[in-house]
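Comments concern the structure below.
What follows is calculated from the coordinates using simple rules that are stated; it is not laboratory data. As the structure is a prediction and not an experimental result, all values here were calculated from the model. Please note: Cβ atoms are built from the backbone with ideal geometry, for glycine as well, and neighbour counts cover all protein chains shown.
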Amino acid sequence: MRAAVIVFPGSNCDRDLAVAFEQAGFQVDMVWHKDAALPEGVDIVGVPGGFSYGDYLRCGAIAAQSPICKAVVDHTQRGGYALGICNGFQILTETGILPGALLRNAGLKYICRTVGLKVQTSASAFTEGYNAGDVIGIPIAHHDGNYFADDATLDQLRDQDRVAFTYTENPNGSVGDIAGILSENRRVLGMMPHPERAADEGHGGTDGTALFRALSGVLAPA
């Protein structure tokens, strides 16, 4: 199994994400934003958290125009898996891989703490290690995590069982308490909370471990 973790100027969770993949059994390639292609044989692309390009213009907007993001779009259009966390989720919406947008937090303040997430579906490679209805504790660290989509998009996400996680107590004003969503083919997950920061006992919690183990179970060679 092979994972590629994208590195932008301002990424600060790239190493954390690589370690979480490695602990789940993946070989990891760190891929620079100026590269025009992903390594051959990549099973999943990880787009990490941080402040790509200093969050200038709009969170994720400049990163979405980088050479490597064109390769990420092509990868997902071919049916490849991708995981975008925090700034990575913002980038996935800016590229159009996932619908909606991440707005400034309703309270207009940066939030950094562990929050409760309710697992809304176990029917994906990312969430099958949980049961629908489980409540897990995962850290957040963002200023622009307020998920927004129009009513038609929200109806589609709900009708297609594509809301992966919701907040038990909404910290940022996200519509429908949404914390993470899936692509139409269920092979791309974008989420604001950081499961890679809850994948080791030393982090103070391991509720994110099941996500990476589930991926390894799905993507492992037969």
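Which FRET efficiency value, to the nearest 0.05, is calculated for K70 and E22 with the Förster distance at 30 angstrom and r the Cβ-Cβ distance?
For K70 and E22, the calculated efficiency is 0.70.
Provide the gained length on full extension for the span D161 to Q77, in nm with one decimal, where the gain is 0.36 nm per separating residue minus the Cα-Cα distance.
Extending this stretch completely gives an extra 28.2 nm.
For every other residue with a beta carbon closer than 10 angstrom to the beta carbon of A64, add +1 if it is Lys or Arg and -1 if Asp or Glu, then tell me the sum.
Net charge around A64: +1.
Give a residue-ordered list of calculated ³J(HN,Hα) values for segment 204-212 (Karplus: 6.51 cos²θ - 1.76 cosθ + 1.60, θ = phi - 60°; whole Hz; x for Gly, Pro).
The phi angles translate into x, x, 10, 5, x, 4, 4, 5, 6 Hz.
Nearest 0.05, what FRET efficiency do V135 and K109 give at R0 = 22 Å with Cβ-Cβ as r?
0.35
Towards the positive end of the charge dipole of the chain, with charges on Cβ (+1 Lys, Arg; -1 Asp, Glu), say which of H75, A132, F212 has the farthest Cα.
H75
I need the shape label for segment 102-190. Rule: rounded when a/c is under 1.5, else prolate if a/b > b/c, else oblate, with a, b, c from the alpha carbon gyration tensor.
In terms of gyration-tensor shape, oblate.
Apply the a/c threshold of 1.5 to the C-alpha gyration tensor of the chain and tell me whether it is rounded, prolate or oblate.
Cα axes put the chain in the rounded bin.
Find the centroid of the Cα atoms in segment 1-32 and in segment 61-111, then give the distance between the two in whole Å.
16 Å
For K118, give me every one of the lysines with a C-alpha distance below 24 angstrom, ignoring sequence neighbours fewer than eight places off in its own chain.
K109
Which lysines does K70 reach when only Cα atoms under 30 Å apart count, and residues fewer than 8 places away in its own chain are ignored?
Output for K70: K34.
Long-range amide H contacts for G46: which residues qualify at under 5 Å (H placed 1.01 Å from N, peptide plane, sequence gap of 5 or more or a different chain)?
When sequence neighbours closer than 5 places are left aside, the close amide H contacts are A4, V5, I6, L83.
Can you give me the relative contact order of segment 41-178 as a percent, contacts being Cα pairs under 8 Å and 6 or more apart?
Worked out over segment 41-178, it gives 22 percent.
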